[in-house]
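Rule-based calculations on the coordinates, nothing more; no lab input. All of these numbers come straight from a predicted model, not from anything done at the bench. Cβ placement follows ideal geometry from the backbone for every residue including glycine, while neighbour counts extend to all protein chains displayed.
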Amino acid sequence: MNSQKRKKKYDIIVVTRESFPIGMAGTNRIISYLKPLYEKNLSVKVYITKPHKEINILSKETKGIFEGIHFEYTNNTTVWPSKGKKLKKLQIVVSSYFNIIKKLYADKPAIIITYTNDFFSISLLLLFRIFLKYRLIIEETEYPKILTKSVTKSKTIQKIHFYIYRKVNGLLVITKELETYYRSIGVKNIFVLPMTVDFSRFQSLEIVNKENFFTYVGGTGGFIRDGVLDIIKAFNKFIETNPNYKLLIVGPIDENIDITKEIYQFVQQNSLSQIVIFTGPKKSIEIPAFLIKARGIVMAPPKNFDSGGFPTKLGEFLASGTPTICTKVSDISEYLNASNSFLVNAGDVEGICNAMNDIVSDPEKSQRVGMEGKVLASIIFNAKTYLPDFIKFINE
């Protein structure tokens with residue numbers, strides 16, 4: 001890290017609202033690049049600035065160290081009071097902002113990376129950069145949220161957001177498409193760090209015999225984006241000739257949203273309740289076993305990603321070595337082909353079903369494709385591949 005007049009306690013702090021150290025794709029993304037930085041003898045820490053709804057609680061410790069990464073919930077709780085009074089919720093939000101600054105004065109970071117869509121906290125960090133002399137990097141895995149909200153009718157609000165993007169020390173993005181967009185609004189210092197995987201999560205597992213199930217990992221948050229209803233419809237066709245298989249949907253479930261109700265209705269109408277299994281939330285350390293034991297992994301986004309992003313979970317699917325079925329949307333075809341995955345057209349339920357049949361009918365080919373996917377992920381989706389340039393970027 002660059003020398004500073006004031007002694008720095010931490011080289012890098014990530015500010016996020018993701019659950020930590022146990023969570024879903026966002027959590028794994030943060031871990032995937034902080035661990036290699038820690039292994040390079042850099043001190044790293046994560047601030048989690050908002051507790052989580054009861055349905056999404058995966059982490060229960062409010063502070064600690066996870067594989068060298070220090071972490072701390074700024075409100076000293078992991079639970080958001082969903083049924084609490086508005087005043088209580090307001091108190092948590094306000095105290096969170098106050099505690100961020102208080103902790104920054106104590107932790108004295110050289111660099112802050114934000115992984116959050118909370119633009120008020122980013123604005124606050126930009127303001128206090130004047131006094132605390134850290135470098136501020138924003139990570140964006142999609143287009144600005146401001147473009148999808150009603151306040152976008154205010155050109156002034158948009159200009160403020162774009163001004164902040166230009167004033168921070170750099171922008172970390174996940175795709176070339178996002179790099180092109182953010183350069184178009186005047187951001188100059190941009191680094192493309194593709195979707196990254198923490199491969200150590202898979203290395204400690206022994207080779208296991210495959211079991212008769214396909215799986216999707218992601219929970220309610222990805223039900224629409226990842227085409228889970230299409231996956232279930234395809235599986236319903238698949239079991240007509242393969243009745244001994246199950247489909248596991250792994251991740252937290254919100255039963256009150258429309259897509260979940262629609263999926264549950266389809267499952268019940270087609271008598272799939274004992275065959276399509278909703279496991280509920282699982283700890284991060286449990287996910288690799290689901291992926292490795294599965295006969296195949298499926299995600300089926302029905303259209304290009306409007307966000308300009310990339311499916312962060314796809315890298316983990318490939319890293320497991322299990323053959324992966326995916327639709328050809330956005331940048332996916334730039335990385336995947338028939339040698340390392342089973343690609344189908346978006347919205348093609350019959351194609352997904354056929355891919356499932358291909359996987360179970362030719363185990364040797366499936367194993368070969370799965371291993372090729374793993375090799376691809378170990379290079380393209382490995383933070384260590386980009387580490388020298390990444391360290392240079394955050395220090396420039």
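One table, with the values for the structure above:
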{"quantity": "Footprinting exposure proxy for ARG166, ARG29, ARG201 (fewest neighbouring C-beta atoms within 10 Å first)", "calculated": "ARG166, ARG201, ARG29"}
{"quantity": "Ratio of the Cα radius of gyration of the stretch 200-380 to 2.2 N^0.38 Å, where N counts its residues", "calculated": "0.95"}
{"quantity": "Where labels lie 7 Å past Cα in the beta-carbon direction, separation of LYS283 and LYS40 in nm", "calculated": "3.0"}
{"quantity": "Of LYS60/LYS283; LYS237/LYS293; LYS45/LYS282; LYS9/LYS133, pairs whose Cα-Cα distance is over 19 Å", "calculated": "LYS237/LYS293; LYS45/LYS282"}
{"quantity": "Length-normalised contact order of the stretch 200-380 in % [C-alpha pairs under 8 Å, at least 6 apart]", "calculated": "25"}
{"quantity": "Mean Cα-pair separation over length for the stretch 6-50, i.e. relative contact order, pairs under 8 Å, 6 or more apart, %", "calculated": "59"}
{"quantity": "DSSP H segments from the chain that extend 24 Å or more along their own axis, Cα-based, with Kyte-Doolittle mean of -0.5 or above", "calculated": "86-107, 363-380"}
{"quantity": "Contour minus Cα-Cα distance for ASP306 and ASN244 (0.36 nm per residue)", "calculated": "18.6 nm"}
{"quantity": "Cleavage-rule hits (trypsin sites (Lys or Arg not before Pro)) in the stretch 68-130: DSSP loop, at most 11 neighbouring Cβ within 10 angstrom", "calculated": "LYS83, LYS85"}
{"quantity": "Length-normalised contact order of the chain in % [C-alpha pairs under 8 Å, at least 6 apart]", "calculated": "16"}
{"quantity": "ARG166-LEU87 pseudo-label distance in nm [points 7 Å out on the Cα-to-Cβ vector]", "calculated": "4.4"}
{"quantity": "Ranked list, fewest to most other Cβ atoms within 10 Å of each Cβ, for THR180, THR324, THR78", "calculated": "THR180, THR78, THR324"}
